[in-house]
1. Quick one: go through segment 276-319 and flag any residue whose amide nitrogen is under 11 Å from the point 7 Å out along the Cα-to-Cβ line of ASP109.
2. What distance in nm separates the simple spin-label points at ASP19 and GLU40, each placed 7 Å from Cα in the Cβ direction?
3. Give, in whole angstrom and from largest to smallest, the semi-axes √(5λ) of the equivalent ellipsoid of the chain, with λ running over the eigenvalues of the Cα gyration tensor.
4. Round to a whole angstrom and tell me the spacing of the C-alpha centers of segment 267-303 and segment 125-204.
5. Treating cross-link reach as a plain straight distance, find the lysines whose alpha-carbon is under 22 Å from the alpha-carbon of LYS181, omitting any fewer than eight places away in the same chain.
6. Under 8 Å for C-alpha pairs, at least 6 residues apart: give me the relative contact order for the chain, rounded to a whole percent.
7. What is the sum of charges around ASP69, taking Lys and Arg as +1, Asp and Glu as -1, for the other residues whose C-beta is under 15 Å from the C-beta of ASP69?
8. What does the charge count around ILE247 come to, taking other residues whose C-beta lies under 14 Å from its C-beta (Lys +1, Arg +1, Asp -1, Glu -1)?
Amino acid sequence: MNVDVFSWFDDVQAAMEADGSLLKPWAKILPQQLHNLFNEKVHGDQQRWLDALENLPAIDNITTDLTQDRIELSSDSISEETDATVKAGLMQLSPWRKGPFQFFDTHIDTEWRSDWKWQRISPHLASLEGRTILDVGCGSGYHMWRMLGAGAHRVVGVDPSRLFLAQFQAFKQYAQSGQNKQSGQEQNLNIDLLPLRMEDVPRPLKAFDTTFSMGVLYHRKSPLDHMAELKDTLKPGGQLVLETLVIEGELGEVLMPEDRYAQMRNVWFLPSCDTLLLWARRVGFKNPRIVEKNITSLDEQRSTDWMQYQSLTDFLDPEDKSKTAEGYPAPYRATLIAEA
Ligand SMILES: C[S@@+](CC[C@H](N)C(=O)[O-])C[C@H]1O[C@@H](n2cnc3c(N)ncnc32)[C@H](O)[C@@H]1O
């Protein structure tokens, strides 16, 4: 293996250090954070994933299209044999949870139709054109690519999953030599996934125009602290986009599962929408509002060839799909938008 993982972060390090950058405090600690991860806490599968990335075949004349639900890499000069090698390499990076992606002839039908979430949320956002964006808990980066496709200047994602980082790099590796389908210009690649936790982001940065936290709040033992951390990432007037599991209920109501929720071990608090709005007000956000609510359907989260483990249908009560296997209300999600 010769992949130099540290080189993946050279561009973002340089951008953070540049004159006038509001990300300078992060630039100071990022090299040490990456060193700790890749040299001290080596993941058991890291080598296998790096090998899969290195063995992806080189391809010419690549075009990227980040504006479609299935974000896409295409090329007019790829043989069937090369396509098969790409597919086999990407399979090595399974399970693929967030997508969908199109790598040339290979459609990665991920566990989640993450494009559906984007369709629900994106109409409510302040324009992303020219913005610097943080996506906390960004998964494989699917939504980050959509943000770039919507005109963002720079997108930084944080997510501790090393597998998701490898999946993100697989797409970026090809996009690097790609031309943007709409503009005909080189693809803007101001997009980086840092394999860190929200807690690792230095505070207060006040550097981002928009910060997304989608599917993370309920994983945090202290949701109010998470919201305060998110506020500290934003410039004054910057926009928070917070998507999370909620319950039907009154102001003040919160569900704390006894143990698992829909088989997940690390779920702590599911507030009612009014409670979530109160949390946002108490943390100091301005004008918090719920812009959409949605019951997760069995078509939106399901097992596929690219994620062959159990999925939502297995996590619900077989007799009553309105309840989780543990008897709690089935997953119901809402998005809150507010300004710092
Ligand atoms: C349910 S997924 C949501 C992925 C994506 N944001 C979406 O909405 O489809 C939650 C993600 O949060 C990440 N995560 C969990 N704890 C985190 C933390 N403390 N900081 C950052 N990311 C975290 C997980 O690795 C996982 O990829």
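1. 303-307
2. In this crude spin-label approximation the distance works out to 3.5 nm.
3. On the way: eigenvalues 196, 126, 73 Å².
Each semi-axis is √(5λ); the values are 31, 25, 19 Å.
4. 23 Å
5. LYS172
6. Details: 675 pairs, mean separation 51.9, N = 340.
Relative contact order for the chain comes out at 15 percent.
7. On the way: positive: ARG70, LYS98, ARG113, LYS117, ARG120, ARG146, LYS181; negative: ASP65, GLU72, ASP109, ASP115, ASP299, GLU300.
Local net charge: +1.
8. Numbers: positive: LYS293, LYS323, ARG333; negative: GLU248, GLU250, GLU253, ASP274, GLU326.
Result for the neighbourhood of ILE247: -2.
Readers should treat all values here as calculations from the given coordinates under stated rules, not as data from a laboratory. Predicted, not measured: the structure shown is a model, and the values here were computed from it. Using ideal geometry, Cβ is built from the backbone for each residue, glycine included, and neighbour counts are taken over all protein chains shown.
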